[in-house]
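Structure, as structure tokens:
The values are calculated or read from the model by the stated rules, or taken from the named source; none is laboratory data. No experiment lies behind these values; they were computed from the predicted model shown. With ideal geometry, Cβ positions are generated from the backbone for all residues, glycine too; neighbour counts draw on all protein chains shown.
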Amino acid sequence: MDSEKRWTFVLLDTLLMAAGFGTLTFMGVAKPDIIRHFGISSDAYELQHIAYVFGLFVAFLIGHTKLYEGSFKRSVGIAISWAAIPQMLIPFTGNWNVVVFLRFIQGFVVGLVPLFSTQIARYFVSERPFAKGIILSGIFWGGVFGSISARYMLGRVPWKESFLITGIIMYIVYAIWFALTEDFEIRHKKASEGGINIWKLPFTWVLGFTFFPALWVIFTIIGFSSKLGYDAGWTKDQVSTLSTLLSISKALWSIGFGYLGYLLSKKNTTPRGLFNAIVKVMITAYLVALIGMIIYSYGMLSRSYSIVLASVVLVGALQGTGPAFWTSAPATYPETVVARANFALGLISNSANAVAPTVTEVLSRYSEGLALAELSLMPVVGIVTLLIVSRMRLPVEEFKE
């Protein structure tokens, strides 16, 4: 396959990621309308976000079922439907508890991430981190542009119609993606069929936890920053600017560290060489983020908006671990279990989603400094875990494929 066609697939994946995640920002922008429509409190409204984040975790359990076997295009269609169908149903739902459940279902859209990892493993070797970095940036570009378009649309169109329109937009983008991408078969070879039981490999668990600290902070810091910002007396525009800058930072770091991964990977394309490049990229990203978290913590404790605003540019480097992590499975596992390994690694790492915001909130009730110290410690945990996994034997070496 020619290079132009492969990179076209990457751009199409990025567009679909942006559509799938960007339209979900309408829930946050439409908060006043939704609270008024359902007659709920602000605390009750937050239940939908908790449900959505927990759905991001459960999504990787689904990846081990036969649902994502067979046609790659069909599997992507299922993943995008988890977001699109609930998006169109929410306006017609009269019960808030049902909305919370639909938001839980929308979290399953994250299944796009391991599916696209399996795809790019077919077309790239040393370029995998760069390709994956571009694709993952779509999540954050979607958040930025989705938020902007939501404010524009909701100022002109009632919130119910806007939800319906954005659900349709997801399917329009999927139709374009479907028409221009190439299909292939996904098959999860199980241990009973002569495959490898990836859950019994210590390597799987340690590698999965290398990304856990990054997600711990990524899925906590935006909401935590908003809480501390409002407590400090910052305006809504200031808090919004902080969130937007962090999203842009994560998108740019995703691409930048992805490119760094490519530069390091092309020097040695053996499994061990590719994995060493992955480890180096993730450690570098954690080091930059550690500096950012220290500055961020100081700024929050001193209530300095300018310091916090500057710090999130560095904190966003946490997302730079993503492109490397999501290309680790094809570099380290035999080809027959790469798809299954992607979902397993995603499940382990995304377990942070289920507990991180709650733990941080509980700690902050005792002391803001304690909560900030916990978040700042996470990059250190990530670096230590990476040093451990770098000394382990790769599955592809162990099973000599």
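A few remarks follow.
- Selection status of SER117, of a type in the set (Ser, Thr, Tyr), within 20 Å of ASN350 (Cα to Cα) and out of contact with any strand residue (DSSP E or B) (no Cβ under 7 Å at 6 or more places or on another chain): yes
- Filtered residues of the range 332-349 (kept if surrounded by 24 or more Cβ atoms within 10 Å (Cβ to Cβ) and of a type in the set (S, T, N, Q)): THR332, ASN342, SER349
- Hits in the range 208-242 - residues which are over 16 Å from LEU314 (Cβ atoms) and among the hydroxyl-bearing types (Ser, Thr, Tyr): THR210, THR220, SER226, TYR230, THR235, SER240, THR241
- Residue in the range 168-185 that is within 22 Å of GLY138 (Cα to Cα), modelled with pLDDT of 85 or more, part of a helix (DSSP H, G or I) and among the polar types (S, T, N, Q) present: no
One line per residue, one yes/no per condition, for (1) over 19 Å from the mean Cα position of the chain (by Cα); (2) in a loop (DSSP other than H, G, I, E, B):
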| site | (1), (2) |
| --- | --- |
| ILE255 | no, no |
| THR269 | yes, yes |
| ALA277 | yes, no |
| VAL281 | no, no |
| LEU287 | yes, no |
| MET293 | yes, no |
| SER297 | yes, no |
| SER306 | yes, no |
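- Residue check, SER75 in the same structural domain as VAL100 (by TED's automatic domain parsing), touching a strand residue (DSSP E or B) at 6+ places or on another chain (Cβ under 8 Å), among the polar types (S, T, N, Q) and surrounded by fewer than 19 Cβ atoms within 10 Å (Cβ to Cβ): no
- Qualifying residue in the range 52-67 (condition: surrounded by 15 or more Cβ atoms within 10 Å (Cβ to Cβ), closer than 20 Å to ALA179 by Cα and touching a residue at least 60 places away in the same chain (Cβ under 8 Å)): no
- In the range 179-199, the condition of being out of contact with any Phe, Trp or Tyr (no Cβ under 7 Å at 6 or more places or on another chain), in the same structural domain as GLY63 (by TED's automatic domain parsing), under 30 Å from SER147 (Cα atoms) and aliphatic (A, V, I, L, M) is met by at least one residue.
- Test: residue in the range 182-203 that is among the hydroxyl-bearing types (Ser, Thr, Tyr) and more than 26 Å from PHE72 (Cα to Cα): no
Yes/no matrix, rows are residues, columns are (1) in contact with a Ser or Thr (Cβ under 6 Å, 6 or more places away or on another chain); (2) within 26 Å of ALA371 (Cα to Cα); (3) in the same structural domain as ILE50 (by TED's automatic domain parsing); (4) touching a residue at least 12 places away in the same chain (Cβ under 8 Å):
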position: ILE218; (1), (2), (3), (4): no, yes, no, yes
position: GLN238; (1), (2), (3), (4): no, yes, no, yes
position: LEU246; (1), (2), (3), (4): no, yes, no, yes
position: GLY258; (1), (2), (3), (4): no, no, no, yes
position: VAL281; (1), (2), (3), (4): no, no, no, yes
position: ALA285; (1), (2), (3), (4): yes, yes, no, yes
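- Verdict on VAL313 being within 24 Å of ILE222 (Cβ to Cβ), touching a residue at least 40 places away in the same chain (Cβ under 8 Å) and surrounded by 24 or more Cβ atoms within 10 Å (Cβ to Cβ): no
- Scanning the range 111-129 for residues that are hydrophobic (A, V, I, L, M, F, W, C) and either modelled with pLDDT under 90 or within 15 Å of ALA329 (Cα to Cα) (or both) returns VAL113, LEU115, PHE116, ILE120, ALA121, PHE124, VAL125.
- If you go through the range 12-51 and pick out every residue that is surrounded by fewer than 19 Cβ atoms within 10 Å (Cβ to Cβ) and at pLDDT below 85, you end up with 8.
- The range 131-162: number of residues that are within 22 Å of the chain's Cα centre (by Cα) and either closer than 30 Å to GLU4 by Cβ or surrounded by 15 or more Cβ atoms within 10 Å (Cβ to Cβ) (or both): 19
- Subset tally (residues that are more than 17 Å from LEU207 (Cβ to Cβ) and out of contact with any helix residue (DSSP H, G or I) (no Cβ under 6 Å at 6 or more places or on another chain)) for the range 272-293: 2
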